[in-house]
Amino acid sequence: MARGLEDESYQRWLAQRDHAPAEWRQDEAFSAVVYLSPEEMSTVAAAVRQALAPYQHREQQTSARPASAQPVALIARLFPLLPERADE
């Protein structure tokens, strides 16, 4: 269900971004396939969480938000790419 809501939100963004204020018309969407060990995957996830930590309080503490701040979706999924069949 969460994936569907994320996809729906992103599709809405793509369809409506031409109507957003000019400074908000870009996005930072990207994806990558990297080769990691399980430990490295955990390290990358921790680094993403650490990078977001300075901003987390703004959801509850609205006075800490800059005037130009808007909610921004960040979706990160780190998972191994398994073969289509388990015996491959």
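Rounded to the nearest 10 degrees, what's the angle between the helix 38-52 long axis and the longest principal axis of the chain, both from Cα atoms, 0 to 90? Orientation of helix 38-52: about 0 degrees from the principal axis. A straight chain from MET41 to GLN56 at 0.36 nm per residue would run longer than the Cα-Cα distance by 3.2 nm. Of the residues ALA45, ALA67, PHE30, the one whose Cα sits farthest toward the positive end of the charge dipole of the chain, with +1 on the Cβ of Lys and Arg and -1 on the Cβ of Asp and Glu, is ALA67. Extension gain for ALA69-ASP7 works out to 20.1 nm (0.36 nm per residue, less the C-alpha to C-alpha distance). When log10 I(q)/I(0) by the Debye sum over Cα atoms at q = 0.11, 0.12 Å⁻¹ is computed from the coordinates, the matching label among (1) -0.41, -0.47; (2) -0.33, -0.40; (3) -0.49, -0.57 is (3). In sequence order, region 70-75 has phi-based couplings of 10, x, 10, 7, 10, 10 Hz under the Karplus curve 6.51 cos²θ - 1.76 cosθ + 1.60, θ = phi - 60°, and Gly or Pro positions carry x.
We did not get these values from a lab; they are worked out from the coordinates using the rules stated. These numbers come from a predicted model, not from an experiment. Ideal geometry is used to build each Cβ from the backbone, glycine not excepted, and the neighbour counts take in all protein chains shown.
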